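The values are calculated or read from the model by the stated rules, or taken from the named source; none is laboratory data. Worth saying up front: this structure is predicted, and the values here are computed from it rather than measured. Backbone-built Cβ (ideal geometry, glycine too); neighbour counts: all protein chains shown.
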Amino acid sequence: MSLSSARDVLRQQFGFDDFRPGQAEVIEHLLAGRSAAAVFPTGAGKSLCYQLPALLLPGLTLVVSPLIALMKDQIDALTRRGIAAARFDSTLSAEQAAGVMQAVRGGQLRLLYVAPERFNNERFRDSILRTQISLFAVDEAHCISEWGHSFRPDYLKLARFAETCRAERVLALTATATPQVLVDICREFQIDAGCAVRTGFYRANLKMLATAVAADERDALLRRRLLESPPGPTIVYVTLQRTAEQVAQRLAAAGVAAKAYHAGMDDDVRAEVQDWFMQSPSGVVVATIAFGMGVDKANIRYVYHYNLPKSLENYSQEIGRAGRDGLPSTCELLVCPDDLCALENFAHGDMPTRAAVEGLVSDVFSAGDHFDLSIYECASRHDIRLLVVQTLLAYLELEGYLQAGTPFYSRYSFRPLKSSAEILSRFEGERRDFLSKLLRQAQPAQIWFQIDLEQAGRAIGSTRDRMVRALDYLSQQMLLEVKVEGVRQTYRVLKRPADGRALAGSLFEQLAERERREIARLKQVLELAGYDGCQVARLCEHFGERRSQPCGHCSWCLNNRRPIVLLPRREGSIGDDVWRKALELARKKSAVLGEPRALARFLCGLTSPRMSAAKLSREPLFGALSNVPFAKVLERAELGQARPVARQPARAAAAAS
């Protein structure tokens, strides 16, 4: 498995004469049996770094990606080249899923793509643990770092599972790792620093512009840009789903071939828009960040940011989708500081109350030395968003209080595809007796049979693992259609806090620090827009690349080396009438809005599990102060004006309406 043989595969299977910068170095590490990290800009060929080795290594290459669109596109391209690849995700039918796992067990696949959440599935984990994993490739690896712009606790579990499944080598890939984030990636995935390959961020074909504009003039400016520039495929990025719809409609009315794209649209509509864009020589997609991930269109000529991006990492990833064919392309940031309000509110929306964190910690350490919990139930009970619950539990793991075990499903059900007699006729002896006893434990419903594995295990004297494997096997053989629900995470308590309230306070401060970092990232975007110096060089520096000369194609360089002048930020005010009505509603809904932070979230248009359950987003006042900085609304609430009733216990939330 030399680099020479890799070059042969590159030509024969992929049709390229030579590697792009960084690819050969990464592949050489992997073929030598070493784990590696690849930090390449968007569109620089990260995927080849695992697709090519997958054809030379003996076992399975397991690719972890949070992007279903990327999985589909890559699998289609690999299949056209005659490479056996598949994905395993929630969009597959039971028959398709069974077929994929049968191919895995039979050694018929070279690459299997899965989402990070798939490792919460005990049936999937069990199958993978019995498979030779030659390469464990993790895309968007920056998500493992708490210092990154999109920390995801599930990624911490990926590093541990790579060890558990005895993966022979790991490849961590990202386009947006700062030096600190790269250190975290290498530490968690046990990658030697010498095997971390970073290529240059700089791209000479991208013109990087920033233009100061008032909110009420932005539509006219964008329209002018699109109508006066030579036509070409274009992405216009916005923050909110409703903004995508509104801007697309206005552009279409002005004669621009524009369509909206966002996560709130039906899957088939999104697919239709994406297919249209891929085929159009001049289509314009007005999209949230849901668009672009995995979209392999090399000739995108323009990327406009109608709203400010959330961070420099997001910005670099989004403009990186332009000009992948190497031809000149324009990326323009329409800088309106008024956007900060909505973006800051997103950051504040994840922050729970201190009391909620205390309640979570109390529950965790009163549950025994071994316990299991549902993340969904925990989020609802304590009014903490799902991702934040996962983050808090990850903190407790990182600090040595908990050790996570294998997740399991609390509810199994199945629908027979053959009669019981026909199913049992395929087995003999003890296996037949075991299956007969297991199937008799199921409780019939209208179509599906429900089975409580814990109760069934006690009744027939079997382990959970054996029962799960049996149901999985019957599913693979198309004898049963198996459905699982209610994932529960298992934990073991390693140590208990001397002071639970103090620990909760420490966790709360960690979340508050994350909130401050998110706000700081927004400010970095504005600072780049108004930077008195080469903006491209400054962006490169953020990612650890230093340039000795100005680029010559950013706003500062093109404007006689003068910075743009940003407009002042405009903020809404808190009207007395709105505040009076808010206090009145808070008194009626005290179980949900009794905390100052909860009321501030509601008024700024930010939901929470308890608020969603009470359907408060339908209230006319929901989001009434979305144009006011969250900090101002919270400050007024905390001063005492918003103390309608003392906070009620969490169980009272269930009665809120």
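Quick notes
- Just one residue in the set 430, 397 is without any contact (Cβ under 8 Å) to a residue 12 or more places away in the chain and outside any loop (DSSP other than H, G, I, E, B); that residue is 430.
- Of all residue pairs spaced 6 or more apart or on separate chains, those with beta-carbon atoms under 7 Å, a first member in the range 522-539 that is within 14 Å of residue 203 (Cβ to Cβ) and a second member that is assigned to a helix (DSSP H, G or I) and aliphatic (A, V, I, L, M) are 535/528; 539/312; 539/528.
- Scanning the range 499-534 for residues that are of a type in the set (D, E, K, R) and in a helix (DSSP H, G or I) returns 501, 509, 513, 514, 515, 516, 517, 518, 521, 523, 527.
- Leading residue by the ranking (surrounded by the most Cβ atoms within 10 Å (Cβ to Cβ)) among those in the range 190-219 that are farther than 30 Å from residue 335 by Cβ and of a type in the set (A, V, I, L, M): 191
- Where residue 225 falls short, out of the listed (1) among the basic types (Lys, Arg); (2) buried (at least 21 other Cβ atoms within 10 Å of the Cβ); (3) touching an Asp or Glu at 6+ places or on another chain (Cβ under 8 Å): (2)
- Test: residue in the range 435-445 that is closer than 27 Å to residue 129 by Cα, outside the structural domain of residue 126 (by TED's automatic domain parsing), of a type outside the set (Gly, Ala, Ser) and in a strand (DSSP E or B): no
- The residues listed here are 220, 212; of these, the one that is outside the structural domain of residue 464 (by TED's automatic domain parsing), farther than 30 Å from residue 464 by Cβ and in contact (Cβ under 8 Å) with a residue 40 or more places away in the chain is 212.
- Residue ranges of strands (runs of 3 or more DSSP E) in the range 33-127 with at least 2 members more than 17 Å from residue 174 (Cα to Cα): 60-64, 85-88, 111-114
- From the options 292, 264, residue that is touching a helix residue (DSSP H, G or I) at 6+ places or on another chain (Cβ under 7 Å), buried (at least 22 other Cβ atoms within 10 Å of the Cβ) and at pLDDT below 90: 292
- In the set (1) surrounded by 14 or more Cβ atoms within 10 Å (Cβ to Cβ); (2) over 17 Å from residue 340 (Cα atoms), the condition left unmet by residue 561 is number (1).
- Residue match in the range 68-77 (condition: in contact with a helix residue (DSSP H, G or I) (Cβ under 8 Å, 6 or more places away or on another chain), surrounded by fewer than 19 Cβ atoms within 10 Å (Cβ to Cβ), modelled with pLDDT of 80 or more and of a type outside the set (Asp, Glu)): no
- Residue within the range 375-383 that is without any contact (Cβ under 8 Å) to a residue 24 or more places away in the chain and buried (at least 18 other Cβ atoms within 10 Å of the Cβ) present: yes
- Within this structure, residue 458 passes the test of being in a helix (DSSP H, G or I) and of a type in the set (Lys, Arg).
- Total residues in the range 493-506, condition in contact (Cβ under 8 Å) with a residue 40 or more places away in the chain and either surrounded by fewer than 16 Cβ atoms within 10 Å (Cβ to Cβ) or touching a Leu at 6+ places or on another chain (Cβ under 6 Å) (or both): 7
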